[in-house]
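To start, the structure under review is shown below, and the notes come after it.
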There are 2 protein chains.
Amino acid sequence: MLTFSSHFSQKLPYQDKNLLNEMLESLQKEMDGDEVGYYKLPQSSKKLLQELKPMDIDRFSQVVVVGIGGSSLGIKAINSILKPITKDAKEMIFFENSDPLTISENISKIDKDRACFFIVSKSGSTIETTSIFKTLIKHFSLELDNATNIFAITDKDSYLSKFATFHNIKEFNIPHNVGGRFSVLSAVGIVPLYIAGYDVEAILEGAAEFEMSFFNGHENHLLEKANYIYANSKKENINVVFSYADRLENFTKWYVQLWGESLGKLDRDKNHVGLTPIGLIGAVDQHSFLQLIIEGPNDKSITFINIEDFKNPLEIPDISLHGIEQTDFINKQSFNKLINEQCKATMQSVRQSGVSSDIITLDEISEKNIGAMIIYYELLTSLIGKVLHINTYNQPGVELGKQILYKNLGNK
Amino acid sequence: MLTFSSHFSQKLPYQDKNLLNEMLESLQKEMDGDEVGYYKLPQSSKKLLQELKPMDIDRFSQVVVVGIGGSSLGIKAINSILKPITKDAKEMIFFENSDPLTISENISKIDKDRACFFIVSKSGSTIETTSIFKTLIKHFSLELDNATNIFAITDKDSYLSKFATFHNIKEFNIPHNVGGRFSVLSAVGIVPLYIAGYDVEAILEGAAEFEMSFFNGHENHLLEKANYIYANSKKENINVVFSYADRLENFTKWYVQLWGESLGKLDRDKNHVGLTPIGLIGAVDQHSFLQLIIEGPNDKSITFINIEDFKNPLEIPDISLHGIEQTDFINKQSFNKLINEQCKATMQSVRQSGVSSDIITLDEISEKNIGAMIIYYELLTSLIGKVLHINTYNQPGVELGKQILYKNLGNK
């Protein structure tokens, strides 16, 4: 279960009922239409399970994922969060970057006979992904024809789809109307995570429940938050997600892509608009970024995320160290309590300093909670995009760099 | 060797010779004084080597570091970067956060009989550090009196120093006038990295050479950059370090602390000032944050970092895949070339979009280069702090949260 509360510092008409209703209706309309497909994934991806359940997945002990951006960030986020609560979760190895040192190191971790290989790309022409895939083919002498250890996840009729059909390689499709950064609940995330041993059905269920609750009007805090962030976007143009759990670091990276690529845009009047996303981890970044939040420019809003119950009993031993007795007051408390008290204290200090904040509390680490967190952030992003009057779902700004690269490397 | 070039978008008098000279002189004065001690570390830390060289360090195969913020970030940065070029570098295990899942997982990695334990804290009263240290004492039944596998790194006469003296534990001191985030070239970084097998002498040498070159007036680009960033700090108030190498991720985290804690301050007129630091990794974040840089608000300056020669020959195989032939143009090129061409293309696209940028190129991964990078960023931070008229070296904003925590947990 997720609980939400907020302490926004500006008094603004962000709770205007009519405005909130309009926002909800406009999202409802988008959901009912055909242009933006991610809304339907929590329901439609359940069909994938019928395909997956008959598969013999026990022959694999490693799941290798070759993909970058939206084709890896969401999978990594879920893998990191659910690993501690998932018995016998398989090792997942991610190939993303064109960094030769990482590629070489990752290759050395693979046991070819126990690994399955996922090639994930909407178009199939992502240069990092195809280059790494070729490297794996060569290094492990992978047989392509009728391969049962290679899977493609791509758009129907894409370049990668043609490749898969040609070699009779099993293929899973991403709906055309689902963009990369909104695709984690499609085959992109569901299939590799299922094979790695995760309960993807519960992830989808958590997402579906939260989404239904939202569209039934029971999550108005989300509309208020979107509206507040929009109304303050000129002044508080940086949004920080401050997660009090190491295993949420990949989730914050997923959020940074979602937010950055979706909301950094030219609006309908060709103005440069956007909100800058930053991911932090508590309590570590209390010793790094917090000073800037408290005393730096008042240009940030902070979203704290914490986990009430880590299901880990580790306690600070009742030991008194000569010279350092002053920290004995925390003895016999659990680290679970310590990290949550640190979150609470930081939140209070942020609030007292006049910085806007809100908090999302997960009662525990669970599949349903992470499913709900994903759809929560996707809906929030769509809502802000709507009021900013931008196209939330494209990313025209990255094309120029690609063209220059292709030109510099001599491709026509 | 490092090379530098810049493409700042605003025409400003940031190259004014008199102004630059004033800045250099004011830093020279600070260096000659006693208040700010980090300037002297590249020279003074060499003395540590005389203490370290007679030690029998081969009895350790793991180096465990318990520390947070400035007591871990710099060590992690150097360890990540130099590992691939350091034969027989020992495993380093970092305990930072109060997250119970990470602590439990890290404990399971330790081989008590082959590990040495570093407790790193300027004051010795950092709550995460003392709590984790107690947990290790209990879990491994560590003997404290006359321990030869435990080392303390702390200020002279600190709480931790008292503890070490009491138990006759070997202690290394941080100069009083060196703040945590400027301490990586003191015992904080030098001692654990030496024991882990790194050539710390070369790191110090690289730092010393760059620093001397700067104070001899041969690195004016640094003065110009500081001045440019300051002069534009109202408009371009976010500075992004975009590193094209996975192993620089921890370096960017070190930079975020250095920049965030040093420059996010109340100035002499009690104005909230500061520049927000963001660390990115290329090419990965071309698929995440780049869209926001190109089409979002023009509130960022970007510093690219790349490595000319990764000393890794991995090539993209000359394989043509049916359907995906369009990326064949990169076949037979090295990944080393690909990632650098991606950096170059992104830089060009950023420049064409009117965003200020500069680039630092490392000719290779080397101890001297990382030493130079560290002092480069420390000097840059000091310079910007000077012109912003703030105290670069304190962090009063984090005290409130600590007080609230202590109060909430019932400590007087």
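The values are calculated or read from the model by the stated rules, or taken from the named source; none is laboratory data. These figures come from a predicted structure and were not determined experimentally. Backbone-built Cβ (ideal geometry, glycine too); neighbour counts: all protein chains shown. Please note that ligands, DNA and RNA were not included when accessible areas were found on the heavy atoms of the full protein model with its side chains. Shrake-Rupley method; radii C 1.70, N 1.55, O 1.52, S 1.80 Å.
At a glance:
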item: Single condition residue A:367 does not satisfy, out of (1) more than 30 Å from residue A:21 (Cβ to Cβ); (2) within 14 Å of chain B (Cβ to nearest Cβ); result: (2)
item: Scan of segment B:110-130 for residues that are more than 18 Å from residue A:287 (Cα to Cα) and free of Cβ contacts under 8 Å to residues at least 24 places away in the same chain, ordered by number; result: B:113
item: Filter pass, residue B:72 being in contact (Cβ under 8 Å) with a residue 40 or more places away in the chain, crowded, with 21+ Cβ neighbours inside 10 Å and within 14 Å of another protein chain (Cβ to nearest Cβ); result: yes
item: Test: residue in segment A:287-298 that is in contact (Cβ under 8 Å) with a residue 60 or more places away in the chain and aromatic (Phe, Trp, Tyr); result: no
item: Any hit, segment A:90-107, residues being in contact with a Gly (Cβ under 7 Å, 6 or more places away or on another chain), assigned to a helix (DSSP H, G or I) and not small (Gly, Ala, Ser); result: no
item: Any hit, segment A:382-396, residues being closer than 28 Å to residue B:326 by Cβ and buried (at least 22 other Cβ atoms within 10 Å of the Cβ); result: yes
item: Only one of B:324, B:384 that is over 30 Å from residue A:145 (Cβ atoms) and at pLDDT 95 or above; result: B:384
item: Number of positions in segment A:135-151 that are facing chain B (nearest Cβ under 10 Å) and either in contact with a helix residue (DSSP H, G or I) (Cβ under 9 Å, 6 or more places away or on another chain) or among the small types (Gly, Ala, Ser) (or both); result: 4
item: Failed condition for residue B:63, given (1) among the aliphatic types (A, V, I, L, M); (2) open to solvent by 10 Å² or more (accessible area, probe 1.4 Å); (3) in contact with a Lys or Arg (Cβ under 7 Å, 6 or more places away or on another chain); result: (2)
item: Selected residue (criterion: farthest from residue A:392 (Cα to Cα)) from residues of segment A:25-38 that are open to solvent by less than 80 Å² (accessible area, probe 1.4 Å) and over 23 Å from the mean Cα position of the chain (by Cα); result: A:33
item: Single residue of segment A:294-306 satisfying the filter (in contact with a helix residue (DSSP H, G or I) (Cβ under 8 Å, 6 or more places away or on another chain) and of a type outside the set (D, E, K, R)) that is farthest from residue A:239 (Cα to Cα); result: A:306
item: Test: residue in segment A:285-308 that is part of a loop (DSSP other than H, G, I, E, B), under 29 Å from the mean Cα position of the chain (by Cα), among the hydroxyl-bearing types (Ser, Thr, Tyr) and surrounded by 24 or more Cβ atoms within 10 Å (Cβ to Cβ); result: yes
item: Among the candidates B:386, B:344, B:337, B:332, residue that is outside any helix (DSSP H, G or I), among the basic types (Lys, Arg) and assigned by TED's automatic domain parsing to the domain that holds residue B:248; result: B:332
item: Count - residues of segment A:225-261 that are closer than 20 Å to residue A:342 by Cα and in contact with a Lys or Arg (Cβ under 6 Å, 6 or more places away or on another chain); result: 1
item: From the options B:169, B:238, B:190, residue that is open to solvent by less than 20 Å² (accessible area, probe 1.4 Å) and without any contact (Cβ under 8 Å) to a residue 60 or more places away in the chain; result: B:169
item: Candidate set from segment A:238-275 (those that are among the acidic types (Asp, Glu) and within 17 Å of residue A:370 (Cα to Cα)); member that is farthest from the other protein chains (Cβ to nearest Cβ); result: A:249
item: Filter result for residue A:278 (at the interface with another protein chain (Cβ under 8 Å from one of its Cβ atoms), outside any strand (DSSP E or B) and among the β-branched types (Val, Ile, Thr)); result: no
item: Residue among B:57, B:85, B:150, B:93 that is closer than 27 Å to residue A:248 by Cα, touching a residue at least 12 places away in the same chain (Cβ under 8 Å) and among the β-branched types (Val, Ile, Thr); result: B:93
item: The one condition in (1) out of contact with any Ser or Thr (no Cβ under 7 Å at 6 or more places or on another chain); (2) open to solvent by 40 Å² or more (accessible area, probe 1.4 Å) that residue B:351 fails to fulfil; result: (1)
item: Residue pairs meeting the criteria (Cβ under 8 Å; at least 6 apart or on separate chains; first closer than 13 Å to residue A:381 by Cα, in segment A:249-277; second open to solvent by 10 Å² or more (accessible area, probe 1.4 Å) and of a type in the set (Ser, Thr, Tyr)); result: A:262/A:393; A:275/A:233
item: Residue within segment A:80-93 that is buried (at least 24 other Cβ atoms within 10 Å of the Cβ) and either at the interface with another protein chain (Cβ under 10 Å from one of its Cβ atoms) or in contact with a His (Cβ under 6 Å, 6 or more places away or on another chain) (or both) present; result: no
item: Extreme residue, surrounded by the fewest Cβ atoms within 10 Å (Cβ to Cβ), among residues of segment B:354-381 that are hydroxyl-bearing (Ser, Thr, Tyr) and within 16 Å of residue B:248 (Cβ to Cβ); result: B:361
item: Residue within segment B:399-409 that is assigned to a helix (DSSP H, G or I) and either assigned by TED's automatic domain parsing to the domain that holds residue B:26 or touching a Pro at 6+ places or on another chain (Cβ under 9 Å) (or both) present; result: no
item: Answer residue from segment A:152-166, given it is among the aliphatic types (A, V, I, L, M) and touching a helix residue (DSSP H, G or I) at 6+ places or on another chain (Cβ under 9 Å) and is surrounded by the fewest Cβ atoms within 10 Å (Cβ to Cβ) among those; result: A:152
item: Inter-residue pairs, beta-carbon under 9 Å, first at the interface with chain B (Cβ under 7 Å from one of its Cβ atoms) and in segment A:391-402, second open to solvent by 60 Å² or more (accessible area, probe 1.4 Å) and part of a helix (DSSP H, G or I), 6+ apart; result: A:400/B:352
